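The values are calculated or read from the model by the stated rules, or taken from the named source; none is laboratory data. As the structure is a computational prediction, the values presented were derived from the model and not from experiment. Here Cβ is always computed from backbone atoms with ideal geometry, including for glycine, and neighbour counts include all displayed protein chains.
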Amino acid sequence: MTATSAKKTSSAKTSGPSPAVMGTYARQDVVFERGEGSWLISTTGDRYLDLASGIAVNALGHAHPKLVAALTEQAGKLWHTSNLYRVKEQEKLAERLCALTFADKVFMCNSGAEACEGAIKLARRYHFANGNPERWRLITFKSAFHGRTLATLASAGNDKYLEGFGERAPGFDLIDQIGDLAAVEKAIGPETAGIMLEPIQAEGGIRVGSTEFLRGLRALCDQHGLLLVFDEVQCGMGRTGKMWAYERAGITPDVMAIAKAIGGGFPVGAFLATEEAAKGMVPGTHGSTFGGNPLAMAVANAVLDAMTEPGFLDGVAAKGLRFKQLLAGLKDEHPDVIEEVRGEGLLTGLRVKPPAADVVKACMGEKLLTVGAGDNVVRLMPPLNISDEDLGEAVARLSRALKVVAKTAV
Ligand SMILES: *Cc1c(COP(=O)(O)O)cnc(C)c1O
């Protein structure tokens, strides 16, 4: 018997999380084996109502028949060829994204962090192409989240996530508060390339950038020749009831990162830009082995098919409104637990008084999945196509969970 096989036997446990998975997450001890629309079914046969949506990814719920069909059909034809060749489905998705946005150019990648990292590179390259290589710094915001690569971590400046990883990637000038236009203006200098932010900070606690603030940023960028870079990885793709969160402010950015819901659960990301902003991204400046492969693109195109169906976004907006009204009712019932209802459309959050983790746990007890966020917020992000009945059921479960929390807090 070899040492290897002996080790295998001793670690073969029957229950509980496997020690073989690196312990970077404090996971809930539940395993899901099936999904149906807004519901997840665990290996123990329990049905959970999903207001986490895999962190705003499963925007069309689980096992959507059209996504399953698109994936399986493409799987039988072609998965991957690399970007050494033209990819028809990628060209199709890029053209559709341009038609749906301010953008003229799209680069496909596989995650939100990659999309933000690419957007940062593009912003720097723009000024380099203009003969201003010294303009490479981005103004960014605390409480933001742009991903877990070294540059995106530095761009959000979250000390907890940066600890132990050495010197921070340079090139970011952090503003304390989203909304502080005067501080942004003060931070603009001869090396500034652009301003990067989430129009609605999601991980940071559903902090909505006001229309006035976003317009102010646009004006500052125009005035100083800066690129406005929006990270719509979480707040984009219909989540707010508009296809893009920037539409609310009646302005457009020059660059935008997207991911999460665009693949409906298949890993897809992209960064988009105007032709002018993208002018530095010439052959050889960026790349991705997997980005935009036929399998991923088939699914993303199917997601767009569903989201561009007439009435889809209006439905999200209407559900968002109804949900907010129901949540306002819950706040009246539980002023001891809920401090504030936040958000736009179905990107909603409850700022709570007891620890947010306790509320998430109590919801879990009622078989309702929610996600914690910064600023002691509990995020509620149902699939965008959740039925009215399931939304009502979610509120009923939430109400029961809040009663449990209120009782234990006393
Ligand atoms: C989730 C998220 C990211 C990072 O996406 P990953 O796919 O986890 O790399 C970046 N920006 C925002 C706004 C996000 O919500």
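Listed by first and then second residue, the pairs with beta-carbon distance under 8 Å, at least 6 apart or on different chains, first residue in the range 116-130 and of a type in the set (V, I, T), second within 16 Å of the ligand (Cβ to nearest atom), are I120/L138; I120/A151; I120/T152; I120/S155; I120/M196; I120/V229.
Applying the condition of being more than 16 Å from the ligand (Cβ to nearest atom) and in a helix (DSSP H, G or I) to the range 254-281 and asking which residue is nearest to R215 (Cα to Cα) yields A277.
To keep it simple, each residue is scored yes or no on (1) touching a Lys or Arg at 6+ places or on another chain (Cβ under 6 Å); (2) surrounded by 15 or more Cβ atoms within 10 Å (Cβ to Cβ); (3) more than 30 Å from L227 (Cα to Cα).
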{"site": "Y48", "(1), (2), (3)": "yes, yes, yes"}
{"site": "A69", "(1), (2), (3)": "no, no, yes"}
{"site": "Q74", "(1), (2), (3)": "no, yes, yes"}
{"site": "W79", "(1), (2), (3)": "no, no, yes"}
{"site": "E117", "(1), (2), (3)": "no, yes, no"}
{"site": "I120", "(1), (2), (3)": "no, yes, no"}
{"site": "R124", "(1), (2), (3)": "no, yes, no"}
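Total residues in the range 220-236 satisfying the condition of being under 14 Å from I120 (Cα atoms) and more than 24 Å from the chain's Cα centre (by Cα): the figure is 1. Here K105 does not qualify as among the basic types (K, R) and farther than 26 Å from T240 by Cβ.
Quick grid of which residues meet (1) touching a Lys or Arg at 6+ places or on another chain (Cβ under 7 Å); (2) modelled with pLDDT of 95 or more; (3) crowded, with 18+ Cβ neighbours inside 10 Å:
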position	(1), (2), (3)
G280	yes, yes, yes
V303	no, yes, yes
P310	no, yes, no
D314	no, yes, no
R322	no, yes, no
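Scanning the range 149-193 for residues that are within 21 Å of the chain's Cα centre (by Cα), part of a loop (DSSP other than H, G, I, E, B) and within 16 Å of the ligand (Cβ to nearest atom) yields T149, G157, N158, I178. Residue pairs whose Cβ atoms lie under 7 Å apart, sitting 6 or more positions apart in sequence or on different chains, and linking a residue in the range 87-113 that is touching a residue at least 24 places away in the same chain (Cβ under 8 Å) and in the same structural domain as A296 (by TED's automatic domain parsing) to a partner that is surrounded by fewer than 21 Cβ atoms within 10 Å (Cβ to Cβ) and among the basic types (K, R), are A113/R148. Of the residues in the range 134-148, at least one is over 22 Å from E114 (Cβ atoms), surrounded by fewer than 19 Cβ atoms within 10 Å (Cβ to Cβ), in the same structural domain as R124 (by TED's automatic domain parsing) and within 15 Å of the ligand (Cβ to nearest atom). On the stretch given as the range 209-253, residues that are away from the ligand (no atom under 13 Å from the Cβ) and either free of Cβ contacts under 8 Å to residues at least 12 places away in the same chain or farther than 23 Å from F312 by Cα (or both) total 21. Mind checking which residues of the range 108-133 are more than 16 Å from the ligand (Cβ to nearest atom) and among the small types (G, A, S)? Residues satisfying the conditions are A129, G131. E198 falls short of the stated requirement of being among the acidic types (D, E) and away from the ligand (no atom under 15 Å from the Cβ).
When you look at T192, is it of a type in the set (S, T, Y) and free of Cβ contacts under 8 Å to residues at least 40 places away in the same chain, yes or no? It would help to see each step written out before you state the result.
Numbers: of a type in the set (S, T, Y): yes; free of Cβ contacts under 8 Å to residues at least 40 places away in the same chain: no.
Taking the combined requirement at face value, the residue does not satisfy it.
Within the range 342-371, the residues that satisfy the criterion of being of a type in the set (A, V, I, L, M) and either assigned to a helix (DSSP H, G or I) or farther than 25 Å from G37 by Cβ (or both) are V352, A356, A357, V359, V360, A362, M364.
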